[in-house]
1. Identify, please: which residue in region A:115-146 is under 10 Å from the mean Cα position of the chain (by Cα) and assigned to a strand (DSSP E or B) and is, among those, farthest from the other protein chains (Cβ to nearest Cβ)?
2. In the set B:168, B:192, B:222, which member is more than 25 Å from the chain's Cα centre (by Cα), assigned to a helix (DSSP H, G or I) and farther than 18 Å from residue A:231 by Cα?
3. Of these, B:181, B:173, B:207, B:192, which one is more than 30 Å from residue B:430 (Cα to Cα), within 14 Å of another protein chain (Cβ to nearest Cβ) and in contact (Cβ under 8 Å) with a residue 40 or more places away in the chain?
4. Exactly one of (1) assigned by TED's automatic domain parsing to the domain that holds residue B:121; (2) touching a helix residue (DSSP H, G or I) at 6+ places or on another chain (Cβ under 7 Å); (3) in contact (Cβ under 8 Å) with a residue 24 or more places away in the chain is unmet by residue B:341. Its number?
5. What are the residues in region A:87-114 that are within 14 Å of chain B (Cβ to nearest Cβ), more than 12 Å from residue A:52 (Cβ to Cβ) and either touching a strand residue (DSSP E or B) at 6+ places or on another chain (Cβ under 8 Å) or in a helix (DSSP H, G or I) (or both), if any?
6. Considering only helices (runs of 4 or more DSSP H) fully contained in region B:227-336, which possess at least 2 residues that are within 14 Å of another protein chain (Cβ to nearest Cβ)?
7. Quickly run through region B:201-216 and pick out the residues that are assigned to a helix (DSSP H, G or I) and under 11 Å from residue A:196 (Cα atoms).
8. May I ask you to list the residues in region B:318-338 that are in contact with a helix residue (DSSP H, G or I) (Cβ under 7 Å, 6 or more places away or on another chain) and touching a residue at least 12 places away in the same chain (Cβ under 8 Å)?
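The values are calculated or read from the model by the stated rules, or taken from the named source; none is laboratory data. Computed from a prediction, not measured in an experiment: that's the story for all the values here. Methodologically, a virtual Cβ is constructed for each residue, glycine included, from the backbone with ideal geometry; neighbour enumeration extends over all protein chains shown.
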């Protein structure tokens, strides 16, 4: 259980205390990862199924390692293409996997709300590994973890998220969690990439990168999709890079020396980030990857291990 | 319907609301030989008449729904003419217009005749078929309006599909004039909708669902009003959902154009905020999508001030397998016939709408859009009557509905208001004996 929740569907429904509970536990989990023998028996005899309907190497691997370090058995079930084209519905797939008695179902799906749907219909705990443009809760948590590690706290800090906010589940999970932890969040990108009404979620909107990052403590650079066929949001990546990408010169001139740069990966080098920035002093991108394992260990531990009998079944 | 078998039916003691005749008070209604014989304050029931005691109830012209999907032929697993007409009767509807997006589409007399034959066999609500605007609903060639009219179609529509070509839409409005057929339009600029599955705005941003902006409807409403002006054709805007569309229709009517509009109970009562609260419930997915609270208010105002002529349900049955999937993949549409009355009645309770205006929009207002008979209790009018208990509370159990499908966002909700008797051509086709 994470507080009163037996699933992790999103961060919008989590309280500040529940987020901090996960982050504090992840700190202990990170210590395990630094040991010579990276194995603890916490989830021995538990089964984690990674059900991925979208290709993802790093998130799936991160969940798999997290499960294995905790001694859980991990099974990867990958299905590309929509359930409709496959001929089996999402619910049938999930019900079949559930019949194999897993303790946690980790789901990634291109349709927003797919984890919410599964959580209503299966008996085991459901963890979202990203759904459509809705949420990517473990990414939001690992970003918060990384910022807490680097900045001490998010309280009063300014975080800028740059890129295609409209189609980004990372942006939404970061926004929900970071604002709950007291950060001010600015969103930046061309107007075509800013979804309607996003200010109502507690962010300010900027179109000029220089102004947006002024005084910021952290900048999250989102991955830009090269092609959105039939719905062009930008003329091309060349122009995007010129106005909304970060290179060493802009980073040196516009960012505070202490500012950190995050990226959920995989990076399009030369588009949203130049190589010298991605590998440079501001970058905490590889910390994010390591912290991702620790955060996912904490989530799996809480949802597969510590659920008391008769607990409330409310989802996040 | 044979009137020879229908005797005399007397409905006593009820509050008769007949907006077309300016009647609202306790009256007795006498139906004889399939027609309205008399409506009066002091009328003695003939000795051989069947008497319905309507004390505490409303007696109105039977409701008329301009927009129903009966799914037959082709998708009988969702609904049939029989189950749909029966569901209509249970909701107080005595006549429904059947949209042509069947398989095959109703673009020729044989499909129209099939629907009419099934309706006659069902013996529930009357069914008025709507023919296609374009052959196969493909948006390429005009359908044969003369043949469709002669077979019994009351309007043409490509519902579910907008007519993309302005030139073809112009010809449709012009050609339909020859047969006095209104052209009922589903307004949507498909490029602007893109992959949108719900109303564009803060609610869609929160859910991460792709947005469908109100402007996708409005640009087409404005285009077609301009074409109605050009052609003098009769334009009917289906399921109007946005404040901008309501403004455009209000302005068109002020200019004297032959434009009418309908609104659905769900666009009058639910917003995209309800979809957020439902946690991606696909029974809140329809097209046009549930709009913002401000749009809902504008549609309510448009109905109250007469800009919107009719309440039409857009009854769209879908089977569980069409709905119990990811939100993006789910079929558009919800049931409407059996919940329309209590849902709209709630607007009266909240002061949004007068009871008289509500009844008018469900009866005479609807009939005027397509030139249908009925909608009044004038002597000589068809004996199509609804007896309604506005106080009857019931919990919506999708399994207990007459429709073959269960896709209703009001499932589990306690609603107040139900038809107790539905009379078509003087014959009681639905009677609800449930305890109060």
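1. That would be A:129.
2. Checking each option against the conditions leaves just B:168.
3. B:207
4. Checking residue B:341 against (1) assigned by TED's automatic domain parsing to the domain that holds residue B:121; (2) touching a helix residue (DSSP H, G or I) at 6+ places or on another chain (Cβ under 7 Å); (3) in contact (Cβ under 8 Å) with a residue 24 or more places away in the chain, the one that fails is (2).
5. Those that are within 14 Å of chain B (Cβ to nearest Cβ), more than 12 Å from residue A:52 (Cβ to Cβ) and either touching a strand residue (DSSP E or B) at 6+ places or on another chain (Cβ under 8 Å) or in a helix (DSSP H, G or I) (or both): A:90, A:91, A:92, A:94, A:95, A:111, A:112, A:113.
6. It comes to B:272-277, B:293-304, B:320-323.
7. B:202, B:203, B:204, B:205, B:206
8. Answer for region B:318-338, where residues must be in contact with a helix residue (DSSP H, G or I) (Cβ under 7 Å, 6 or more places away or on another chain) and touching a residue at least 12 places away in the same chain (Cβ under 8 Å): B:323, B:324, B:325, B:327, B:330, B:331, B:334, B:336, B:337, B:338.
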